[in-house]
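S.K.: Sharing a structure, written as structure tokens. Questions coming.
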């Protein structure tokens, strides 16, 4: 993912030899700050970073502001930022969104397909898949609990 935005001009280079642009998204800001995207959004919420367009969950922030915050948070370190691809890949919001997109396809699978699949499994795979299904049920029950807890808070914020 490039940090190039329409209308921005490359300036000096940042530590990883990528061009430095006036703005970056929160994934790249997280890499520079050695944190995750949710922490960057928290800095925005606290007023430590200001947004300039972009998507609600991934706005653009000023590169200079992120570099100043990085110097404030990590004054003695002189190491390269994390790879934005790693930050993006490990983003918990992204992981859950992808998982839910896949789980939304369960209605496409009927019982006959499940039986055919189960009959093809070897014993080791059969036991592992049963364990995975039980763990998945536990995770989904936890997800429902979290959604139930968060719903009233979200409703109060968005009347």
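The values are calculated or read from the model by the stated rules, or taken from the named source; none is laboratory data. The shown structure was predicted, so the numbers you read here are calculated from the model rather than taken from an experiment. Counting neighbours? That spans all protein chains shown, and the Cβs are built from the backbone with ideal geometry, glycine included.
S.K.: What number of residues in region 11-31 are modelled with pLDDT of 55 or more and under 11 Å from residue 64 (Cα atoms)?
M.R.: Within region 11-31, residues that are modelled with pLDDT of 55 or more and under 11 Å from residue 64 (Cα atoms) number 6.
S.K.: Could you please give the count of residues in region 127-159 that are modelled with pLDDT under 90 and either in contact with a helix residue (DSSP H, G or I) (Cβ under 9 Å, 6 or more places away or on another chain) or loosely packed, with under 10 Cβ neighbours inside 10 Å (or both)?
M.R.: 8
S.K.: Which ones in region 115-124 are modelled with pLDDT under 90 and either surrounded by 10 or more Cβ atoms within 10 Å (Cβ to Cβ) or in contact with a strand residue (DSSP E or B) (Cβ under 6 Å, 6 or more places away or on another chain) (or both)?
M.R.: Across region 115-124, the qualifying residue is only 121.
S.K.: Moving to a separate point now. Looking only at region 96-114, how many residues end up being surrounded by 10 or more Cβ atoms within 10 Å (Cβ to Cβ) and outside any loop (DSSP other than H, G, I, E, B)?
M.R.: 8
S.K.: What number of residues within region 30-73 are over 19 Å from residue 95 (Cβ atoms) and in a helix (DSSP H, G or I)?
M.R.: If we filter region 30-73 for residues that are over 19 Å from residue 95 (Cβ atoms), which is where we start, we get 32-34, 43-54, 59-73.
This time we only want the ones that are in a helix (DSSP H, G or I), so: 32-33, 43-46, 63-73.
The total comes to 17.
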